[in-house]
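Working notes for the structure below.
Taken together, the values in this text are just the output of simple stated rules run on the coordinates, not laboratory data. Owing to the predicted nature of the structure, the values given are computational and were not obtained by experimental measurement. Cβ placement follows ideal geometry from the backbone for every residue including glycine, while neighbour counts extend to all protein chains displayed.
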Amino acid sequence: MKIFDLAGKTAIVTGGNGGIGLAMARGLAEAGAQVVLMGRDGAKGAAAVGALEKDGLAAHFVEVDVTAEDRVAAAVEEAARIGGRIDILVNNAGIAIRKLPQDYTLEDWHKVLDTNLTSAFLMSQAVYPALCRAGGGKIINIASVLALLGAPFSVAYSASKGGLVQFTRALATAWAPDNIQVNAILPGWIETELTVQARAQVPGLNDNVLSRTPARRWGAPGDFAGPAVFLASSASDFVTGASLVVDGGFTVQG
Ligand code: NDP
């Protein structure tokens with residue numbers, strides 16, 4: 001088998017119907033995997049599948065809210081039925097609610113924590129039997145550089161992503177005997193729907209990102225295809241519990 005080859009593998013990508021998730025799904029599919037995208041918005045899902053299929057890639061969409069405990073297991077079963085097996089799970093679905101801490105409601109807090117952190121727990125638990133049946137597998141959790149840094153509008157987001165990094169480490173130790181590698185990717189500032197609102201809301205954000213990023217640009221969703229393929233393939237079999245920062249140098253700028 002060639003390095004990075006994912007032929008014969010099935011990958012689930014939550015939030016795979018847009019942004020970074022869709023770009024990672026494309027990368028995994030180009031490496032040979034069959035991809036099952038998950039998300040709430042069926043129209044976006046159909047468009048994403050259409051875009052991948054147009055390029056000859058094998059893709060499917062399963063509509064699910066990944067915070068809904070009673071729906072997640074059925075969605076994973078459907079993915080396993082479609083793919084015949086599950087080898088790779090990318091926990092990518094995420095939201096941000098940008099408010100100062102004093103304005104945050106408990107509902108806001110739960111929404112962000114449920115979407116960004118609890119969903120990764122639910123999805124990982126749901127795929128575990130299928131990964132074991134496949135003889136092992138890969139889980140990739142999409143965290144954020146805000147797991148490492150503080151920002152005034154990001155109390156719940158930073159807490160959820162910091163939690164996701166620690167969840168990654170703990171899960172990696174628990175499931176290493178099952179030949180399951182669990183790693184996190186920490187994106188910096190990436191141009192997607194998620195950051196459109198931040199750019200409008202936070203004065204000077206664009207200049208700040210550009211001046212603090214040694215690469216002198218925002219990230220693009222396509223920047224995540226390579227890291228995802230690496231962490232999904234046998235090329236990373238001895239990498240587990242790791243955090244891969246993909247931020248154009250944002251966090252290392254002095
Ligand atoms: P987008 O808003 O473009 O994509 C988010 C995706 O998550 C959507 O496809 C959305 O699908 C899905 N999603 C949200 N809530 C749910 C839910 N409850 N159930 C199922 N799917 C859900 O954002 P990005 O592509 O930028 O974000 C992808 C990941 O990357 C997120 O985890 C984000 O926190 C992280 N990230 C992004 C950064 C950036 O700068 N853009 C920086 C750091 C991290 P639907 O619309 O169908 O619900």
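The stretch 144-181 and the stretch 90-110 have Cα centres separated by 16 Å. Give me the orientation-averaged projected area of the Cα convex hull of the stretch 138-194, in nm², one decimal. Over all viewing directions, the stretch 138-194 projects a mean Cα-hull area of 4.2 nm².
Derived value for the stretch 89-136: Kirkwood hydrodynamic radius 12.4 Å. Basis is the mean of 1/r over every pair of different alpha-carbon atoms. Dividing the mean sequence gap of close Cα pairs (under 8 Å, 6+ apart) by how many residues the stretch 135-254 holds gives a relative contact order of 34 percent. For the options Leu106, Leu194, Leu117, a Gaussian network treatment of the chain with springs between C-alpha atoms closer than 10 Å singles out Leu106 as fluctuating the most.
Dividing the Cα radius of gyration of the stretch 87-213 by 2.2 N^0.38 Å, with N the residue count, gives 1.16. Computed from point charges on the beta carbon alone (+1 for Lys and Arg, -1 for Asp and Glu), the dipole magnitude for the stretch 1-74 about its Cα centre is near 200 Debye. Each of Lys111 and Asp178 was given a label point 7 Å from its Cα along the Cα-to-Cβ line. The distance between the two points is 3.2 nm.
Convex hull of alpha carbon positions in the stretch 200-254: directionally averaged projected area 5.2 nm².
Based on every Cα atom in the chain, Rg and the maximum pairwise Cα distance Dmax equal 17.3, 54 Å.
Mean-square fluctuations from a GNM of the chain, with a 10 angstrom spring cutoff on Cα atoms, peak among Ala220, Ala159, Ala79 at Ala220. Ranking Ile82, Gly18, Ala200 by how far each Cα lies toward the positive end of the dipole of the chain (charges on Cβ) leaves Ala200 at the top. From the cross-link list Lys9/Lys44; Lys99/Lys138; Lys9/Lys54, which pairs have alpha carbons spaced over 26 Å apart? Where the Cα-Cα span goes over 26 Å, the pairs concerned are Lys99/Lys138. Computed over the stretch 1-143, relative contact order equals 25 percent, with contacts defined as Cα pairs under 8 Å that lie 6+ residues apart. Of the residues Asn116, Asn179, Asn141, the one that moves most in a GNM of the chain with alpha-carbon contacts below 10 Å is Asn179.
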